[in-house]
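Working notes for the structure below.
The values are calculated or read from the model by the stated rules, or taken from the named source; none is laboratory data. Being a predicted model, the structure only gives us computed values, none of them experimental. Here the Cβ is made from the backbone with ideal geometry for all residues, glycine too, and neighbour counts use every protein chain on show. Just so you know, the surface numbers come from the protein's heavy atoms only, side chains and all, with ligands and any DNA or RNA stripped out. Shrake-Rupley method; radii C 1.70, N 1.55, O 1.52, S 1.80 Å.
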Amino acid sequence: MRRMNFKMRRAFSLAVVIMGLLLAYVSVWALDNGFSDITNTGSIYDVTDIVSTGTITTELLVTSSATITGDATVGGDLGVTGLTSLSTTTITGDATITGGATVGGDLGVSGLTSLSTTTITGDATITGDAAITGGATVGGDLGVTGLTSLSTTTITGDATITGGATVGGDLGVTGLTELSTTTITGDATITGDAAITGGATVGGDLGVTGLTELSTTTITGDATITGDAAITGGATVGGDLGVTGLTELSTTTITGDATITGGATVGGDLGVSGLTSLSTTTITGDATITGDAAITGGASVGTLGVTGLTTLSSATVNGNLIANGATNTIGATDSVNTITGASNYMTSTSSNTIATIGGGSVVTSLTGTAITGANANINLSNNSAIMSVSGSTFTITNSQISALTAAGQGLTVNDGGAVSLEGVAGLTATAGLNIDAAGDTVSLLNNIGATGHGLTIDSNITTLTGGTNSS
């Protein structure tokens, strides 16, 4: 009896094993031929192809490679450790694929998404967090509402990421791009519009061909924007900044060249260490440019400091204007320039010149000041001041005053006591009144004769000369 029971138990166990293997085979065969769904947690431990539409209402765990040529809907989580090839796929739970993933259609995931190297020919919509550790190529649109971590990524459609985005390599988008706080260690190339509402850090170059809206931004390479650019936070560009449209910046530091062909508005400070070319510009803070600056439109600046060549069109400086170039030019040959203020100073270490081409000038130097007009001049030097008009001069020194015509007629007085009032000069004598320095000789003579005719009075004698009657 015992032997009978043992044999029956052994036969029953063997039947159960055979039945389980048969059910497993039938289940896999049914999946492969589109005749069955997995309604509970299913695990597939070998290479398996699902060639038709499959619906998995709970979790699906594949420890090897998975190829699904039809549409797949996973109601729970999807986990694949090998190479994965999918058609259009919808996953309402989490998706974890540690191998390469190829999705021929659209990919929709409502939970946490972790992918390796990924190629998606359709749209990718992820409502949770997304982590792609390998390269990603999305042929359609990419939409992520949670935190996003990407490696090198190429998106031919639109990219919308409402959470934070971290791209370990390059980011390339050909459509509309909307990002939150973003860190890109490589280059970012966007051929459509770009809107980054959070902080942006680009380790390489940033190139945008459409409208660009950035918050606080750090770019270690070049930034080339062919459309309009609006940066509401601080911007640091380690290379060159080139914008062909309207530009609105907050506090901005550019270590390379800055070329903005449209209007530029900087709400804070602007610092450029290279060549700067701007159109119409408004800067409410300070502008410090260590290279050359060319502003072809109107400029309104708080404090402007330029160490190189500076060319401005119309400029309004509300703060201090500092031009440290070797040669600084204000205005053109046909411009009208006005300097107004409570006090205006022009200082130099050698000379200052204010001149009209073909006309008068004012020259100040270490030794004096010269003011010249069409035929009038004023020269001021140490212990001397001379004003002249067509040869007539008024001269003041520290010891003498004279007012003479171009012919030498006039009054001369010195502090030694001498006074001379010269008249018309003759061939041999000059008419006039002279008092010597000692005050003891006075002469009043005309210009006739060798010494003139007239009256001479000295301390000892009075002499009247001239004609035939003189003594």
(message) Within region 353-366, does at least one residue satisfy the condition of being out of contact with any strand residue (DSSP E or B) (no Cβ under 7 Å at 6 or more places or on another chain), open to solvent by 60 Å² or more (accessible area, probe 1.4 Å), among the β-branched types (V, I, T) and closer than 30 Å to I322 by Cα?
(response) yes
(request) Enumerate the pairs (first residue in region 361-383 and at negative phi and free of Cβ contacts under 8 Å to residues at least 40 places away in the same chain; second residue anywhere and assigned to a loop (DSSP other than H, G, I, E, B) and open to solvent by 60 Å² or more (accessible area, probe 1.4 Å)) with beta-carbon separation below 6 Å, excluding pairs fewer than 6 apart on the same chain, so at least 6 apart or on different chains. (result) N375/S390; S381/T367
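Look through region 405-442, keep the residues that are of a type in the set (S, T, N, Q) and in a loop (DSSP other than H, G, I, E, B), and return whichever of them is farthest from N383 (Cα to Cα). Full working, then the answer.
Of the residues in region 405-442, the ones of a type in the set (S, T, N, Q) are 405, 409, 412, 414, 420, 428, 430, 434, 441.
Cutting the leftovers down to in a loop (DSSP other than H, G, I, E, B) gives us 405, 409, 428, 441.
Details: T405: 22, Q409: 23, T428: 34, T441: 29 Å.
Top of the filtered list is T428.
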(message) Of everything in region 427-446, what is open to solvent by less than 50 Å² (accessible area, probe 1.4 Å) and either at pLDDT below 80 or in contact with a Lys or Arg (Cβ under 8 Å, 6 or more places away or on another chain) (or both)? Give them in sequence order.
(response) A429
(request) Inspect all residues belonging to region 294-315 and state whether any of them is within 11 Å of the chain's Cα centre (by Cα), aliphatic (A, V, I, L, M) and farther than 17 Å from A326 by Cα. (result) no
(message) With the requirement that a residue be free of Cβ contacts under 8 Å to residues at least 24 places away in the same chain, more than 12 Å from L171 (Cα to Cα) and assigned to a loop (DSSP other than H, G, I, E, B), what does region 189-209 give you?
(response) T197, T209
(message) Checking the structure you have, find out if any residue of region 273-280 is over 24 Å from G221 (Cα atoms) and either without any contact (Cβ under 8 Å) to a residue 60 or more places away in the chain or not acidic (D, E) (or both).
(response) yes
(message) Being buried (at least 17 other Cβ atoms within 10 Å of the Cβ) and of a type outside the set (D, E, K, R): is that true of T133 here?
(response) no
(request) Kindly provide the set of residues from region 431-464 that are of a type in the set (S, T, Y) and touching a residue at least 12 places away in the same chain (Cβ under 8 Å), ordered by number. (result) T441, S443, T451, T456, S459
(request) Take T217 and decide whether it is closer than 30 Å to G157 by Cβ, of a type in the set (S, T, Y), surrounded by 24 or more Cβ atoms within 10 Å (Cβ to Cβ) and under 14 Å from the mean Cα position of the chain (by Cα). (result) yes
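To keep it simple, each residue is scored yes or no on (1) small (G, A, S); (2) farther than 26 Å from S116 by Cα.
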{"site": "L176", "(1), (2)": "no, no"}
{"site": "D187", "(1), (2)": "no, no"}
{"site": "I190", "(1), (2)": "no, no"}
{"site": "G203", "(1), (2)": "yes, no"}
{"site": "D222", "(1), (2)": "no, yes"}
{"site": "G238", "(1), (2)": "yes, yes"}
